[in-house]
Amino acid sequence: MDFLSEVEKKLDLPPGEKAQVIRELKSHYEELKGELVASGMDADLAARETSRRLGDPADVAFRLQAIHCRATWKTALLAAFPFVTGILATLLHIPVARALPASPAFLSAVHSYLAHLLILSVLFAAILLTGSIRELMRNRRPVWLATWLVVGINELIATVYLLEQLIRKQLPANQENIVPSLIFILVFGIAAMATFRRSTKWFLILGGWTILAEAMYVMHPALVHTGWFYPLLLLVPAPLVMALALRVFARHPYGNTAQASLFLFAFYVGLRSHPVVPGRWIVTLALDLLPALVIIVTALAYARSITWHRKLVVLFSGIVAVSLAGEATVISLIPQTWLHHVASYMTRATIQMLFMLFWVILVPLLFERRWSDRRPEFVR
Amino acid sequence: MSAPTELVKGNAVVLILSVLAREAMHGYRIARELDQLSEGYFAMGEGTLYPHLHQLEKDGLIEGYWENVSGGRDRKSYRITEKGTHELARRQAELREFQKNVNRVLSVAPEAG
C-alpha cells in the first residue's frame, strides 16, 4: 500500500475535510514523483522513493488528525463557557424562584427575575453573536463557534419570549392576548420559508405548517399551556436551525458535519436548560441544571476528541444522558405516583432521544452523503 | 550533515514563516526551499511539513488557498498573514538573542576534539 492510501486509511476526519488533506498530499506526491521520473528514475522506483521521502504515513496521519480534530484545553473551555455562565445565572436566581407562588412577593420577584434575565440575555446575546459573526466573516470555524452561535441565538429567542411575558403582564388580568405569540411563530415561519425559498416543496410545507400553527393557536389559545404543544411549536424554527447548521458548518470548506451536529445538539439541549420559568426551583435544578452540566461535559469531550467518529459518539452519549438523566431526576422527585410516572417519563425520554438522534446526527450525515458530488473539486 | 530531528521540529514554525515571508508558495516548494537554503541541513520527512502548515493555518499565522495549475490540477498554496509576520519578527528576535548568548558561552570553552 502506498503512502497516500495508508494516510487515507488512518485519517479519521469528516469526508470533506479528509478529501482536502489527501488532495494536498497527493499534489505533493505527484510533483515529487514527477520530478524524480523527469530526472531519469524508473516510475516504480520513483514511487517508492517518493513514499520514503514523505515519511511514516501513520505518523503523518496521526499528527494531521490531532491538529484537525483535537482542540486545546483553552478552546475546549471557551466552547463550554456560555453554558457555565447559564448555570451561574440559574443559581443566582434560585432564591427568587423559591418565593412562595401565593405570596404577593412572588409577583414582584417574578417581575424582577424577568427584568434581570432580560438585561442578561440581551448582553449575553450581543457578546456571543458579535464574537461568532467576527469568526464567520473571517471564514474560520473554531470549535467554540458552534456553541457561541447557538447560545447567542437561544438568548435572542429567550429575549423575545421574556419580552412577550413582560408585555402580557402589562395587559388587563384574565385577558388572553395571543398577538405576541402569533408574531413569534410568524417571524420564525417567514425566516424558515425564506431560507428554503429555492425549494418549492419545502417552501410550501413550511408555509403550510406556519399557517396551521397560527390557526391552532388562534382557535385554542389554551393549547400553548399544554406540554405537547411546545415540541410542535419547535418544529417551526427547526428547518431554519437545520439550514443554518448545514450551511454554516457542514457545507463550508472549513467546517464539517460533526460541527453541524454539535450546533444542533447545543441548540436543542440549550433550549431545555434556559432558566425562563421561575417558581419551580427544585424542578429548575433537575431539568435545567442537569442538561446544562451534560452539555458542558459533552462540549469539553467533543472538543478534546481526536477523531471524527469519537466526536459523534460523544454527541450520541450526550443525547442519551440528557434524555434519560433529566427524566429520571423528575421521577425521583415524585415518589408518590412512581409507577405511573416511570411509564410516562420513560416514554417521553425515549421519544426525545430518538428525535434528537435523528435530527442531530442522522440528518447532517444524510445531507453530507447527498451533497458529496456537489462539493467543490478540492473537497470531494 | 542534517540537523537533529527535535531541533528541526522545535524551529519548524520560524523556518516555514521565514520562507513564506518572501512569497506565497505551496507545500512542495516550501520543502524544496528549506532544503536548498540550508543546503540539506534542515531535511525533514516531507509529509511532516503538512501538520506544521495546518497548525500554522489554524493559528492564523498563515493563510491557505486553492489555485489551479497547468494540467487541470489544484494545489493548496500558503501566504503569511499579518499576525504571522509579527510572530516571525518576535521569534527572529528571540532566536538571535539565544544565538548570541550561546555563542558567548561557547566562546569561553576551549575547542573540544
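The values are calculated or read from the model by the stated rules, or taken from the named source; none is laboratory data. Note that the structure is predicted; figures quoted are calculated from it, not measured. Positions of Cβ are backbone-derived with ideal geometry, glycine not excepted, and every protein chain shown enters the neighbour counts. All accessible areas refer to the heavy atoms of the entire protein, side chains included, with ligands and DNA or RNA removed. Shrake-Rupley method; radii C 1.70, N 1.55, O 1.52, S 1.80 Å.
Annotations
- Crossing angle, helix B:5-22 versus chain B [Cα axis fit, 0-90 degrees, rounded to tens]: 60 degrees
- Taking chymotrypsin sites (Phe, Trp or Tyr not before Pro) across region B:22-55, the ones in a DSSP loop with at most 15 further Cβ atoms lying within 10 angstrom of their Cβ are B:Tyr41.
- Relative packing of B:44-52, A:43-51, which averages over residues the other C-beta atoms within 10 Å, highest first: B:44-52, A:43-51
- List of region B:65-84 residues, accessible area with partners at least 10 Å² below that of the chain alone (1.4 Å probe): B:Trp66, B:Arg73, B:Asp74, B:Arg75, B:Lys76
- Cut-off 10 Å between beta-carbons: net charge of the residues surrounding A:Leu32, Lys and Arg +1, Asp and Glu -1: -2
- Threshold 30 Å², region A:38-80 residues less accessible with all protein chains present than alone (1.4 Å probe): A:Arg53, A:Leu54, A:Val60, A:Arg63, A:Leu64, A:Ile67
- Buried surface between chains B and A: roughly 2200 Å² of accessible area, summed over both sides, computed with a 1.4 Å probe on protein heavy atoms only.
- The local environment of A:Leu246, defined by Cβ-Cβ distances under 11 Å, has a net charge of +2 under the rule Lys, Arg +1 and Asp, Glu -1.
- Tensor-based shape of chain B (alpha-carbon gyration tensor, a/c under 1.5 rounded, otherwise prolate or oblate): prolate
- Probing with 1.4 Å while keeping every protein chain in the model, the per residue accessible area of chain B equals 59 Å².
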